[in-house]
Amino acid sequence: MPHSKGMRLRVNGIVQGVGFRPFIWRLATELKLTGRVFNDTGGVIVELNCSAAQAGEFAELMLQQLPPLARIDAMHQEALDLPVFSSFAIDVSQSGIVTTGCAPDAATCPDCLSELFQPGDRRYHYPFINCTNCGPRLSIIRQIPYDRASTTMVEFTLCAACQQEYDNPADRRFHAQPNACPDCGPHCWLETPGGEPVASETPFQALGEALRDGQIVAIKGIGGVHLACDATNEQAVKRLRERKQRPHKALALMASNIEAIRQFARVNEQDEALLAHPAAPVVLLSTHEKTDQLRAIAPSVAPDNSKIGVMLPYSPVHHLLLAEVDFPLIMTSGNRSGEPQAITNDAARSQLNNIADVLLLHNRPIHNRLDDSVVVAGKYGTQILRRARGYAPASLPLPSGFSAGQTLIALGGQLKNTLCLIKDGRAVISQHLGDLHDASTFDEYLHTLQLYRELYENAAEHYVCDMHPEYLSTKHGVSLEEQGNHLTRVQHHHAHIGACLGDNQYPLAGDAVLGICLDGTGFGTDETLWGGEFLYGGYAAMKRIASLAPVPLIGGAQAIKSPWRSLYAQLRQCFTAGQLAEMTDICPQFADPMCNSFEKMLTMQLNCPLSSSAGRLFDAVATALGCAPAQITYEGQAAIRLESLAQTCQEDVEPYHLRITDNQVVPQAMWQQIITDLRQGRSKAAMAMAFHKGLVIALSEMTLKLKAAYDFTTVVLSGGVMQNLLLSEALQDTLQSSGFKVLTHQQLPANDGGIAFGQALVALAKNQ
């Protein structure tokens with residue numbers, strides 16, 4: 001074959017399983033260029049019989065017209081001798097297994113949605129319609145390369161019509177691995193909790209009738225099973241809570257379209273863009289004041305929160321269901337409280353038989369559980385609270401200065417666990433896995449770790465974990481170390497700050513920063529429990545230079561579950577035990593004889609570890625203001641209630657004073673004022689706002705004090721408490737007005753869902 005000068009483009013990013021190669025074929029054909037496109041181990045190779053100028057034009061159009069799910073992270077162009085091609089072709093992979101990564105699952109695209117509701121279309125009302133621009137990806141993949149044989153769709157043989165689409169590069173279903181139709185693909189059915197089939201003309205019509213009757217239905221979707229009921233039916237919502245054993249935590253909603261959401265929530269342009277994104281996350285929205293003109297959401301949907309979580313239908317199953325009802329639905333995870341979401345038919349039958357009145361199941365296996373992602377639009381952009389379906393496992397580049405040749409795996413924390421794999425200069429962060437204290441969640445954690453190792457061919461012998469010896473992720477790291485692997489332990493809050501730095505692509509050689517990390521608790525280098533920290537340094541090392549004043553956690557972990565214990569510990573710094581015994585008007589639990597035991601425990605320093613936790617400070621204030629339960633039922637409950645209370649304040653209030661002493665933020669003066677205000681009958685909403693304002697001022701004053709002793713111009717904000725927008729946005733405003741550059745999370749949660757990335761970067765920096 002004759003050769004001539006041509007151009008080769010090497011493209012890296014999410015370019016596998018997203019219709020990228022047929023897109024290249026169509027673009028080259030339109031431009032009348034000859035050549036070929038194929039996968040290799042690093043991404044996609046495009047070879048063109050053309051000049052450098054023509055290749056430049058091609059590359060520019062490629063970037064402008066990318067398929068919806070594709071993402072280009074890097075592109076390299078070079079001139080070389082190429083065969084003279086007679087046409088443009090899609091070639092087979094040249095180098096074995098492709099490791100370009102797996103695309104996230106994506107919401108039903110407009111083209112598929114149009115076909116779904118088009119009478120006469122062969123996929124009319126077919127609940128598994130998809131194409132290369134939408135549908136399941138991570139939820140069905142078992143191994144790489146990402147082709148049908150490597151997914152749970154291997155069980156379904158394509159019919160002639162579907163095979164023709166699959167083989168045609170001009171068709172939008174070319175190499176769409178989940179491609180199917182009613183003749184050859186999966187199907188749905190209804191069953192009773194006892195496993196008996198439910199006869200119906202269409203399962204979705206029957207589900208609509210059940211929902212109108214106030215029943216609870218289980219719906220197997222893309223990444224797991226949901227529980228649904230009428231979100232406007234208070235009795236149905238209460239019944240769901242009772243059966244699910246989820247008394248207070250907010251329940252997510254699903255509504256048919258944006259206009260339907262506007263009937264009960266405020267939606268601005270930023271919110272609308274998030275709702276309509278292919279990720280289709282749960283978006284936290286402010287609710288309308290109740291009026292006769294607007295639809296009333298049941299009070300039990302989000303009793304603790306000033307916001308309500310809402311998403312649009314993202315699968316054909318959801319679209320077909322929402323077409324049958326004219327009200328929004330509760331759409332919450334199909335599980336008992338504390339357990340992972342069911343993903344198999346058998347799990348749905350066994351776990352939900354006492355919760356759901358009817359079950360919609362299907363026979364397409366879900367290989368990887370994907371919870372719904374949760375986001376909120378704030379003043380400074382989108383904040384991701386849970387990164388799962390639609391976002392994971394999209395990778396992040398390593399910041400400048402990190403070696404592309406290093407390989408390792410970070411094991412994450414105990415709560416809101418995610419994993420992070422480093423290879424070829426990129427970080428892959430897993431979907432949200434949950435809290436590892438549940439045995440079934442830990443089993444899924446091990447499954448996901450193995451899956452990601454295989455998907456990304458990561459044979460790392462270097463692992464990274466938290467310093468807390470009781471975290472199951474740490475214990476797993478120790479077991480891997482005992483097997484001969486290298487293990488690096490990273491302090492919890494250092495990982496938080498490292499994650500935020502990496503999230504902002506802060507260079508390894510960048511100047512030292514001040515990190516302010518506010519969260520519940522994390523194991524400190526002094527073996528006490530930290531949680532309100534000022535750290536100075538960078539990726540490789542950070543020094544604790546200030547903190548919130550430490551206070552005993554009475555009963556250890558029990559103080560986390562019983563926020564009134566934190567109030568007792570805080571007030572005991574200011575008042576005698578006798579004085580606290582007379583404060584039953586402020587906290588009825590202070591009359592409990594158990595408080596006598598508290599005094600003995602404090603005197604003997606028995607099971608009262610010191611903690612600088614910001615989370616426990618919020619718990620204490622929430623308890624004092626009467627918005628914390630005696631026993632919390634989910635993480636952050638008291639703090640969420642406190643923020644919501646503060647947001648109802650209609651007056652301009654003076655902040656409470658938190659004193660700066662010996663590089664500690666000390667709240668004793670604040671507590672004296674809170675007790676006085678409570679007894680004088682001051683508005684509790686005003687008091688909640690005064691606390692938030694006072695804490696912002698104290699954190700800012702401490703930052704300015706530290707600036708006089710340490711050289712930094714950049715302040716990094718991280719930790720779960722920073723998800724409180726009332727606090728974090730005001731803090732960012734204040735710090736920026738003082739001349740600091742402020743970094744906050746962009747693509748990862750500020751909570752423990754982001755620390756695996758931080759662990760990885762810290763370990764890499766230490767081993768550069």
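The values are calculated or read from the model by the stated rules, or taken from the named source; none is laboratory data. All values derive from a computational prediction rather than experimental measurement. A quick note on method: Cβ atoms are made from the backbone with ideal geometry, for glycine too, and the neighbour counts reach across all protein chains shown.
Brief remarks follow.
- Taking the stretch 444-467 as the range and being more than 16 Å from residue 433 (Cβ to Cβ) and acidic (Asp, Glu) as the test, the residues that pass are 454, 457, 461.
- Conditions (1) closer than 24 Å to residue 196 by Cβ; (2) in contact with a Lys or Arg (Cβ under 6 Å, 6 or more places away or on another chain); (3) of a type in the set (Ser, Thr, Tyr); number of the one not met by residue 350: (2)
- Being in contact with a helix residue (DSSP H, G or I) (Cβ under 6 Å, 6 or more places away or on another chain) and closer than 20 Å to residue 744 by Cα is a description that applies to residue 519.
- Test result for residue 662, without any contact (Cβ under 8 Å) to a residue 24 or more places away in the chain and surrounded by 17 or more Cβ atoms within 10 Å (Cβ to Cβ): no
- Options 348, 342; residue that is more than 17 Å from residue 503 (Cα to Cα) and outside any loop (DSSP other than H, G, I, E, B): 348
- Selected residue (only one of 170, 176 is assigned to a loop (DSSP other than H, G, I, E, B), surrounded by 21 or more Cβ atoms within 10 Å (Cβ to Cβ) and of a type in the set (A, V, I, L, M, F, W, C)): 176
- Residue, nearest to residue 371 (Cα to Cα), within the stretch 422-439, restricted to residues that are among the aliphatic types (A, V, I, L, M) and touching a residue at least 60 places away in the same chain (Cβ under 8 Å): 429
- Residue check for residue 228: under 14 Å from residue 128 (Cβ atoms), of a type in the set (Gly, Ala, Ser) and touching a residue at least 12 places away in the same chain (Cβ under 8 Å): no
- Residue check for residue 457: over 26 Å from residue 528 (Cβ atoms), touching a residue at least 24 places away in the same chain (Cβ under 8 Å) and out of contact with any strand residue (DSSP E or B) (no Cβ under 6 Å at 6 or more places or on another chain): yes
- Selection status of residue 569, among the aliphatic types (A, V, I, L, M), without any contact (Cβ under 8 Å) to a residue 60 or more places away in the chain, buried (at least 21 other Cβ atoms within 10 Å of the Cβ) and within 27 Å of residue 633 (Cβ to Cβ): yes
- Out of 224, 195, sole residue that is in contact with an Asp or Glu (Cβ under 8 Å, 6 or more places away or on another chain), at positive phi and not charged (D, E, K, R): 224
- Filter result (modelled with pLDDT of 95 or more and within 18 Å of residue 158 (Cα to Cα)) within the stretch 125-134: 126, 127, 128, 129, 130, 131
- A Cβ distance below 9 Å, combined with a sequence gap of six or more or placement on separate chains, defines the contacts here; from the stretch 131-154, residues that are surrounded by fewer than 20 Cβ atoms within 10 Å (Cβ to Cβ) reach residues that are of a type in the set (A, V, I, L, M, F, W, C) and part of a strand (DSSP E or B) in the pairs 150/141.
- Matching residues, the stretch 482-519, being surrounded by fewer than 24 Cβ atoms within 10 Å (Cβ to Cβ), among the small types (Gly, Ala, Ser) and outside the structural domain of residue 459 (by TED's automatic domain parsing): 509, 510, 512
- Selected residue (criterion: farthest from residue 74 (Cα to Cα)) from residues of the stretch 396-427 that are under 14 Å from the mean Cα position of the chain (by Cα) and surrounded by fewer than 24 Cβ atoms within 10 Å (Cβ to Cβ): 415
- Condition check for residue 633: of a type in the set (S, T, N, Q), touching a residue at least 12 places away in the same chain (Cβ under 8 Å) and more than 21 Å from residue 673 (Cα to Cα): yes
- Number of the condition not met by residue 116 [criteria: (1) outside the structural domain of residue 16 (by TED's automatic domain parsing); (2) under 27 Å from residue 422 (Cα atoms); (3) modelled with pLDDT of 90 or more]: (2)
- Test: residue in the stretch 484-502 that is over 26 Å from residue 745 (Cβ atoms) and aliphatic (A, V, I, L, M): yes
- Helices (runs of 4 or more DSSP H) (entirely within the stretch 538-626) containing at least 1 residues that are of a type in the set (Val, Ile, Thr): 558-561, 594-604, 614-624
- Residue 460 passes every criterion in (1) at pLDDT 95 or above; (2) in a loop (DSSP other than H, G, I, E, B) apart from (1).
- Matching residues in the stretch 28-45 - criterion: being modelled with pLDDT of 90 or more, buried (at least 18 other Cβ atoms within 10 Å of the Cβ) and not β-branched (Val, Ile, Thr): 28, 33, 35, 36
- Residue ranges of helices (runs of 4 or more DSSP H) in the stretch 207-291 with at least 3 members touching a Leu at 6+ places or on another chain (Cβ under 9 Å), assigned by TED's automatic domain parsing to the domain that holds residue 347 and closer than 24 Å to residue 640 by Cα: 234-244
- Residue 48 being in contact with a Gly (Cβ under 6 Å, 6 or more places away or on another chain), at pLDDT 90 or above and of a type in the set (A, V, I, L, M): yes
- Whichever residue in the stretch 353-405 is in a strand (DSSP E or B) and among the charged types (D, E, K, R) and, among such residues, is nearest to residue 723 (Cα to Cα): 386
- Meets criteria (assigned to a helix (DSSP H, G or I) and within 23 Å of the chain's Cα centre (by Cα)) for residue 691: no
- Residue 112 within 28 Å of the chain's Cα centre (by Cα) and either of a type outside the set (Lys, Arg) or not in a helix (DSSP H, G or I) (or both): yes
- Meets criteria (part of a helix (DSSP H, G or I) and among the aromatic types (Phe, Trp, Tyr)) for residue 23: yes
- Residue in the stretch 606-622 that is out of contact with any strand residue (DSSP E or B) (no Cβ under 9 Å at 6 or more places or on another chain), crowded, with 24+ Cβ neighbours inside 10 Å and over 14 Å from residue 521 (Cβ atoms) present: yes
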